[in-house]
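Shown next, in structure tokens, is the structure this report addresses.
The values are calculated or read from the model by the stated rules, or taken from the named source; none is laboratory data. On a predicted model such as this, the values are computed, not experimentally measured, just so you know. Cβ coordinates were reconstructed from backbone atoms using ideal geometry, including for glycine residues, and neighbour counts include every protein chain displayed.
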């Protein structure tokens with residue numbers, strides 16, 4: 001089945017020569033055109049969007065009736081009088097948010113139809129946000145659709161997970177490694193948990209969906225820590241990820257505790273900015289831009305120059321990606337996840353030969369934790385050194401002791417409602433030390449147990465007090481691996497507070513990088529998004 | 001003798017105020033301060049001796065005077081012309097090295113019986129600072145009759161002088177007087193055990209207050225504000241657990257005190273003031289902004305100790321009323337009652353603290369009297385220039401040698 005597009009081309013590594021055009025770097029709520037040095041630079045381009053499934057609803061039905069692994073079809077698992085919990089990914093997925101109908105809506109509606117047919121009436125829907133901020137009504141409506149929201153939210157059967165509800169959480173046991181497995185009581189006491197994933201990157205899904213998404217600090221601290229991050233190479237590669245190993249151990253404890261999980265995982269293509277429309281050029285290769293693309297880009301650049309930051313933020317936040325479903329699989333967690341990962345890799349993996357001295361990345365306006373919010377400096381770090389750096393399989397793109405250059409405005413600005421503990425982390429913790437291990441030892445507990453943060457997490461729309469720590473740990477592997485981190489075009493004080501080196505231009509940064517990696521270094525640009533994952537040999 | 005003399009001259013005072021508002025310390029060049037060749041002040045009485053300064057510090061109150069920012073409150077409490085300088089280590093003519101306790105109380109004014117405060121050893125609270133045998137002046141350095149430390153000689157009552165042990169070098173000794181102010185403030189704060197203490201400002205007094213709070217109380221956490229890297233480093237070295245920028249203090253105290261916050265903007269997560277807060281706040285800045293911060297972060301029935309000289313401030317006092325917060329001033333020193341009930345002279349406590357905490361390192365730069373404009377500008381911009389205490393160094397003045405030898 002096809003939507004009628006030309007066959008998508010795989011990812012690609014461009015060796016920059018004198019004829020190569022300037023490359024578009026994402027730069028927060030804007031872009032920069034950068035000319036990379038010829039004959040020693042390369043640009044890794046993501047694959048073009050795979051074909052979307054022509055009949056997503058049909059594919060969902062098919063997956064629910066034809067489960068993978070040791071699982072009965074969903075209808076066979078549903079019976080009157082049972083307790084059913086449907087948990088779903090929160091606002092952090094996908095990025096940017098996708099156009100309606102959201103995949104979660106399609107799946108949840110289908111699951112609910114089948115539950116209704118089976119006579120199941122004790123159904124709860126939980127946004128499995130772990131210690132992320134609660135989703136607003138609008139955000140929930142967008143994810144599950146108005147019909148589901150109106151049917152369940154008013155009666156209190158659709159809600160955000162609350163990891164700090166003393167009555168709502170339970171410890172199911174410990175893994176052989178002594179890790180506490182903390183879980184939602186409602187999910188634990190259900191006869192069936194259906195988990196609805198959007199697997200945007202290979203890190204997502206598997207046992208992590210429930211073991212993390214329906215857990216809290218008591219459980220998360222066992223894998224969201226510096227040791228785990230130092231031993232996840234990378235956390236995008238499950239087979240080599242201590243983060244996933246811990247979640248898999250926890251998944252076994254959950255299963256052994258009698259919690260039955262029916263996992264539904266989905267993948268989307270790279271159609272982030274649209275094949276047509278005002279952002280379409282962002283998923284094309286620069287030398288293939290049409291006159292219309294060039295005009296649209298220049299127009300956008302001029303327009304952005306005139307807008308204040310808040311207006312730019314609003315404009316970018318309003319973008320909804322026209323993602324298309326490329327696969328859906330359901331059934332037993334591990335069997336499902338194996339197929340899902342292959343489908344993610346089919347879209348994202350780009351073979352790359354050899355490491356580089358200098359890795360450059362243009363960071364966009366969005367990351368998992370600033371949807372409808374502000375990309376504060378800690379999130380800039382996390383997106384660059386956490387997510388982008390770890391988008392590799394095999395070896396990091398940059399050699400040990402190399403340099404990472406990230407481009408982003410990095411404003412010293414925070415969303416007070418969403419990120420209150422981030423402000424304190426930035427002002428108080430990073431002023432003391434930027435060493436992840438020291439931060440973890442000296443500061444984590446007091447933030448995690450701060451009563452006010454807990455209050456804001458539970459009653460407002462704040463990330464949990466410990467969340468900025470996890471963001472900092474997310475960059476721990478990169479910080480340990482590289483010799484220097486630079487941020488181009490960022491707020492100088494904010495960049496320095498994080499222990500990084502500010503640079504006004506990419507050329508300045510490249511010049512300064514030679515202090516670390518020597519003259520004439522090799523340079524690799526990770527052109528992301530749309531998303532790619534480097535398969536480095 | 002060579003001296004920096006401050007005269008009553010209203011046009012120059014206005015010029016100093018203008019220059020000081022443009023460049024801190026700028027009042028030195030255009031104001032009523034001048035380098036003069038004066039006769040050493042005649043001892044005002046039989047118990048008075050001549051002191052030849054070795055080092056003489058520049059204090060925040062001196063800078064306020066030089067830049068025309070002093071409150072008019074002081075006008076009847078000083079006598080013109082006067083020679084500033086009250087943080088002094090010097091030599092008596094018999095060669096004894098001494099530090100000056102500059103407050104001019106009843107004894108030095110030859111008043112008997114003394115006022116209640118002086119009788120209790122609380123010299124800083126003397127009720128007779130404009131009476132007795134001396135012209136008005138709350139301290140040496142603001143009284144015409146005594147002269148002051150920014151000169152090669154001045155007069156001191158023998159009760160004002162404390163011999164200095166050889167173990168204390170001049171740099172350490174010149175820190176005894178400001179340290180005594182800080183010790184007094186820390187003890188007046190009556191810091192409960194396990195308290196959260198906030199020290200606003202990490203200039204000289206702020207840093208010394210941190211050291212004093214650590215030495216004479218047992219707080220759980222000291223949160224300090226500091227603007228500049230050197231201040232940050234020293235605040236941490238002297239005992240602050242958390243050092244933040246002035247704009248970050250409300251969030252820092254909230255976390256340290258484990259309290260909640262009140263948002264006036266309507267944004268959950270904003271910290272405009274605290275629901276609880278610090279047990280004690282020591283304000284070493286004394287501005288409208290710092291006092292507003294102090295009121296925002298002090299817990300109900302907590303105490304604010306005002307150490308920084310405030311002048312005129314604009315302040316919303318509703319929280320003081322509503323939360324029953326105490327606001328007390330801390331001026332100079334005298335005799336202290338320690339937590340164990342014993343009493344001690346503040347200067348003795350300060351001398352010990354200077355030695356134990358190595359506070360002589362806070363003297364960042366010294367200047368001869370002839371370079372007084374540079375010295376005052378440096379002192380006024382100490383923070384941004386990475387300095388703490390700036391002092392006049394009179395040890396190399398030829399004039400001093402002549403006076404020591406007693407030749408005319």
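For the range A:462-499, which positions are surrounded by fewer than 21 Cβ atoms within 10 Å (Cβ to Cβ), within 12 Å of chain B (Cβ to nearest Cβ) and either touching a strand residue (DSSP E or B) at 6+ places or on another chain (Cβ under 8 Å) or assigned to a loop (DSSP other than H, G, I, E, B) (or both)? Result: A:496, single match.
Condition check ((1) more than 30 Å from residue A:532 (Cβ to Cβ); (2) crowded, with 24+ Cβ neighbours inside 10 Å; (3) out of contact with any helix residue (DSSP H, G or I) (no Cβ under 8 Å at 6 or more places or on another chain); (4) at pLDDT 95 or above) across all residues:
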position	(1), (2), (3), (4)
A:184	yes, yes, yes, yes
A:189	yes, no, yes, yes
A:193	yes, yes, no, yes
A:196	no, yes, no, yes
A:210	no, yes, no, yes
A:219	yes, yes, no, yes
A:234	no, yes, no, yes
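Per the listing A:80, A:21, A:75, A:101, the residue uniquely touching a residue at least 12 places away in the same chain (Cβ under 8 Å), surrounded by fewer than 20 Cβ atoms within 10 Å (Cβ to Cβ) and not assigned by TED's automatic domain parsing to the domain that holds residue A:204 is A:21.
Having 3 or more residues that are closer than 29 Å to residue A:309 by Cα and within 28 Å of the chain's Cα centre (by Cα) is the bar; report the strands (runs of 3 or more DSSP E) wholly within the range A:16-106 that clear it.
Of the strands (runs of 3 or more DSSP E) lying wholly inside the range A:16-106, those with at least 3 residues that are closer than 29 Å to residue A:309 by Cα and within 28 Å of the chain's Cα centre (by Cα) span A:23-26, A:31-34.
Conditions (1) under 23 Å from residue A:494 (Cβ atoms); (2) touching a strand residue (DSSP E or B) at 6+ places or on another chain (Cβ under 8 Å), marked per residue:
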{"site": "A:401", "(1), (2)": "no, no"}
{"site": "A:418", "(1), (2)": "yes, no"}
{"site": "A:422", "(1), (2)": "yes, no"}
{"site": "A:427", "(1), (2)": "yes, yes"}
{"site": "A:440", "(1), (2)": "yes, no"}
{"site": "A:444", "(1), (2)": "yes, no"}
{"site": "A:452", "(1), (2)": "no, yes"}
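Taken over the range A:113-124, the criterion of being closer than 11 Å to residue A:74 by Cβ and either surrounded by fewer than 19 Cβ atoms within 10 Å (Cβ to Cβ) or touching a helix residue (DSSP H, G or I) at 6+ places or on another chain (Cβ under 8 Å) (or both) is satisfied by A:113, A:114, A:117, A:118.
Would you mind stating whether residue A:433 is over 23 Å from residue B:266 (Cα atoms) and either surrounded by 22 or more Cβ atoms within 10 Å (Cβ to Cβ) or within 14 Å of chain B (Cβ to nearest Cβ) (or both)? Criteria met by residue A:433.
Just one of (1) more than 9 Å from chain B (Cβ to nearest Cβ); (2) assigned to a loop (DSSP other than H, G, I, E, B) trips up residue A:405, so point out which. Residue A:405 satisfies all of (1) more than 9 Å from chain B (Cβ to nearest Cβ); (2) assigned to a loop (DSSP other than H, G, I, E, B) except (2).
Of the helices (runs of 4 or more DSSP H) lying entirely inside the range B:324-408, those containing at least 3 residues that are under 23 Å from residue B:117 (Cβ atoms) and either at pLDDT 95 or above or in contact with a strand residue (DSSP E or B) (Cβ under 7 Å, 6 or more places away or on another chain) (or both) are B:346-357. In the set B:247, B:311, B:239, B:258, only one residue is in contact (Cβ under 8 Å) with a residue 60 or more places away in the chain and touching a helix residue (DSSP H, G or I) at 6+ places or on another chain (Cβ under 9 Å); that residue is B:311.
Does residue A:441 satisfy being closer than 23 Å to residue A:213 by Cα, free of Cβ contacts under 8 Å to residues at least 12 places away in the same chain, more than 12 Å from chain B (Cβ to nearest Cβ) and exposed (fewer than 15 other Cβ atoms within 10 Å of the Cβ)? Before you say what the answer is, go through the steps one by one.
Working: closer than 23 Å to residue A:213 by Cα: no; free of Cβ contacts under 8 Å to residues at least 12 places away in the same chain: yes; more than 12 Å from chain B (Cβ to nearest Cβ): yes; exposed (fewer than 15 other Cβ atoms within 10 Å of the Cβ): yes.
No.
Screening A:143, A:163 for residues that are surrounded by 22 or more Cβ atoms within 10 Å (Cβ to Cβ), part of a loop (DSSP other than H, G, I, E, B) and modelled with pLDDT of 95 or more leaves exactly one candidate, A:163.
Only a single criterion out of (1) closer than 23 Å to residue A:371 by Cβ; (2) within 11 Å of another protein chain (Cβ to nearest Cβ); (3) buried (at least 18 other Cβ atoms within 10 Å of the Cβ) is not satisfied by residue A:455, namely (3). Is it true that some residue in the range A:129-140 is under 16 Å from residue A:263 (Cβ atoms), touching a strand residue (DSSP E or B) at 6+ places or on another chain (Cβ under 8 Å), in contact (Cβ under 8 Å) with a residue 60 or more places away in the chain and buried (at least 23 other Cβ atoms within 10 Å of the Cβ)? No, the range A:129-140 has no match at all.
Filtered by the rule that a residue be in contact (Cβ under 8 Å) with a residue 60 or more places away in the chain and in a loop (DSSP other than H, G, I, E, B), the range A:501-537 gives A:518, A:520, A:521, A:522, A:527, A:528, A:529, A:530, A:531, A:532, A:537. In the set (1) within 12 Å of chain B (Cβ to nearest Cβ); (2) surrounded by fewer than 21 Cβ atoms within 10 Å (Cβ to Cβ); (3) assigned to a helix (DSSP H, G or I), residue A:422 fails one condition alone, (2).
Between A:202, A:155, which is under 19 Å from residue A:108 (Cα atoms) and assigned to a loop (DSSP other than H, G, I, E, B)?
On the way: A:202 fails: under 19 Å from residue A:108 (Cα atoms).
Sole residue among the options that is under 19 Å from residue A:108 (Cα atoms) and assigned to a loop (DSSP other than H, G, I, E, B): A:155.
Determine, yes or no, whether residue A:335 is within 24 Å of the chain's Cα centre (by Cα), surrounded by fewer than 23 Cβ atoms within 10 Å (Cβ to Cβ), without any contact (Cβ under 8 Å) to a residue 12 or more places away in the chain and closer than 16 Å to residue A:206 by Cα. Answer is no for this residue.
Residues to consider are A:205, A:168, A:178, A:156; find the one that is under 30 Å from residue A:393 (Cβ atoms) and either out of contact with any helix residue (DSSP H, G or I) (no Cβ under 9 Å at 6 or more places or on another chain) or free of Cβ contacts under 8 Å to residues at least 24 places away in the same chain (or both). It would help to see each step written out before you state the result.
Details: A:205 fails: either out of contact with any helix residue (DSSP H, G or I) (no Cβ under 9 Å at 6 or more places or on another chain) or free of Cβ contacts under 8 Å to residues at least 24 places away in the same chain (or both); A:168 fails: under 30 Å from residue A:393 (Cβ atoms); A:156 fails: under 30 Å from residue A:393 (Cβ atoms).
Selected residue: A:178, the only one of A:205, A:168, A:178, A:156 that is under 30 Å from residue A:393 (Cβ atoms) and either out of contact with any helix residue (DSSP H, G or I) (no Cβ under 9 Å at 6 or more places or on another chain) or free of Cβ contacts under 8 Å to residues at least 24 places away in the same chain (or both).
Total residues in the range A:260-312 satisfying the condition of being touching a strand residue (DSSP E or B) at 6+ places or on another chain (Cβ under 6 Å), assigned to a loop (DSSP other than H, G, I, E, B) and surrounded by 19 or more Cβ atoms within 10 Å (Cβ to Cβ): the figure is 2.
For residue B:210, the test of being within 30 Å of residue B:302 (Cβ to Cβ) and not assigned by TED's automatic domain parsing to the domain that holds residue B:387 is passed.
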